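Notes to accompany the following structure.
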Amino acid sequence: MGHSRVLIGVGGGIAAYKVCEVVSSLAKAGADVRVILTEGAQRFVTPLTLATLSRHAAYTDVDFWQASHGRPLHIDLGEWAEVFLIAPLTANTLAKLAHGLADNLLTNTVLASTCPLLLAPAMNTDMWEQPTVQRNWAQLSAQARIHTVGPGEGLLACDRTGAGRMAEPTEILSHLESLRYTHGRRDLGGKHLLISAGSTREFLDPVRFIGNPSTGKMGVALALAAQHRGATVTLVHGPMEPSLLRSLPGIRHGVRAIATPTADTMQQQLIAHLPQANWVVMAAAVADVKPTTCYSTKLPKADLPSQLPLSPVPDIVAELGRQRQPQQRLIGFAAQTGDIVSPALDKLKHKGLDAIAANPIDQPASGFGTDTNQAILLDRQGRRREVAPGSKLAMAHQLYDFVLEMEDPSET
Ligand code: C5P
């Protein structure tokens, strides 16, 4: 994404070293980055590290008290920022923000800014679980401009395993990308999205299956984009890389993930969750066929049939199309080679969808397993919109905009 202006406040916690990677990635991607370090932060990382990575001077409280700036630095930085990240957010800075205190450059700049503010707390589990910390966190998180990422659970540098681990840099980066796209809009607030992701495996025996190369990255991007815009998400997914699953914020933060290995189990779960869903986004690449017989023990090589009898798996989205209520939105994907539009229009009509993303899988930088994608979005009102090649997260946001702009279903 272009030259967005990202302001980053670094607090005094060991996770400060991970923020160096966030700064580096943003600068490499072409963002303008400015960094503020608290006193404590400078015990863990130096202004020199962050200035070098951000390609700009990094600010400390010494700069705050200098007369030479003319205009107060916190006002300048506060007005400059398009999006503001504080990571790691310590218990101390969290308490100050909850109470509106302003005793250093970072907290003054928070009060002098109005852009979306993304908070990434990190602290020891006992500190995080203190009732005062939880109260401060609940108060802050309820504010409209505040967005939160983490903390997760895991092994902490203090050798405790529990809550308080700062969100991973990739999670922070994707949340920032969303905020730069939405400017903090929570226009999916109050909505429940049911999203399917990844491939399915149709087993012949415990070691052999029919599948496809879908990794689930598009579905995870859809889940994250929805959660960043305020939705709660149920993600029903086929086999996925554990690292990809870990990038989901977890139940507490609005995404619930349910693993389903086969088309049959995916259908069961999607139908079970359909009544609660406002929108269903069917991004999974479901295998179209399964071996007619599934053996419970491994077939010896010599017993493998030379021809495999196949049966169709349920067309899940078509079944969801039959069971849906008129006010629910149903969105499909059409992964295609060659002409992508006419088969997608056909599926839109025959599967009872509201909208479909026609997705070329034979183009560079799109399709299975890549971090980028492109599509032509189509809806049953005849609209058509191209999504230029970009990140899967950016495509997810454009798809949501497209669906939000559909006319009210009760009026059509
Ligand atoms: O017919 P095709 O598989 O190309 O349609 C793609 C769309 O249908 C996707 O949204 C996919 O998730 C869905 N689908 C399904 N059940 C199947 C096959 C595809 O829901 N058995």
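The values are calculated or read from the model by the stated rules, or taken from the named source; none is laboratory data. These numbers come from a predicted model, not from an experiment. Cβ coordinates were reconstructed from backbone atoms using ideal geometry, including for glycine residues, and neighbour counts include every protein chain displayed. Accessible surface areas use protein heavy atoms only, side chains included; no ligands, DNA or RNA. Shrake-Rupley method; radii C 1.70, N 1.55, O 1.52, S 1.80 Å.
Of all beta bridges that DSSP places with both ends in region 5-182, some 20 percent have antiparallel geometry.
Per the 1.4 Å probe, what fraction of the accessible area of region 320-380, in percent, lies on carbon and sulfur atoms?
Values: 1380 of 2690 Å².
Here carbon and sulfur together make up 51 percent of the probe-accessible area.
Dipole magnitude for region 192-407: about 400 debye, using +1 per Lys or Arg Cβ and -1 per Asp or Glu Cβ, origin at the Cα centre. In this simple spin-label model, placing a label point 7 Å from the Cα along the Cα-to-Cβ direction at both Val289 and Arg160 gives a separation of 5.6 nm. Stretching Asp303 away from Ala29 to a fully extended chain increases their span by 93.3 nm, per 0.36 nm per residue minus the current alpha-carbon distance. Take every DSSP beta bridge whose two residues both sit in the chain; close to 30 percent of them are antiparallel. Note on the chain: with a GNM built from Cα contacts shorter than 10 Å, the maximum mean-square fluctuation among Trp65, Trp128, Trp137 falls on Trp65. Look at where the Cα atoms of region 380-410 and of region 134-193 average out, and the two centres are 25 Å apart. Distance between the pseudo-spin-label points of Gln143 and Asp401 (7 Å out from Cα toward the beta carbon): 2.8 nm.
Computed from Cα positions, the angle between helix 16-28 and the longest principal axis of the chain comes to roughly 70 degrees.
Computed about the Cα centre, the dipole magnitude for the chain is approximately 260 debye when only Lys and Arg (+1) and Asp and Glu (-1) carry charge, each at its Cβ. Measuring r between the beta carbons of His273 and Ala102 and using R0 = 51 Å, the FRET efficiency lands at 0.65.
The lysines whose alpha-carbon is closer than 24 Å to the alpha-carbon of Lys217, local same-chain residues fewer than 8 away aside, are Lys18, Lys28, Lys191, Lys290, Lys347, Lys351, Lys392. Both numbers refer to the Cα atoms of region 5-182; Rg and Dmax are 15.0, 47 Å. What does the charge add up to near Lys351, with Lys and Arg as +1, Asp and Glu as -1, over the other residues with Cβ less than 12 Å from its Cβ? That sum, taken over residues with Cβ under 12 Å, equals +1. Expressed in Å, the radius of gyration and Dmax of the Cα atoms of the chain are 23.8, 84. Just the accessible area per residue of the chain, please: how many Å² with a 1.4 Å probe? Accessible area per residue: 44 Å².
Under a Gaussian network description of the chain, with springs only between Cα atoms under 10 Å, the residue in Gln336, Gln269, Gln66 that fluctuates furthest is Gln66. Highest-first packing order for the peptide set 280-287, 172-179, 141-148 is 280-287, 172-179, 141-148, based on the mean count of other beta carbon atoms within 10 Å.
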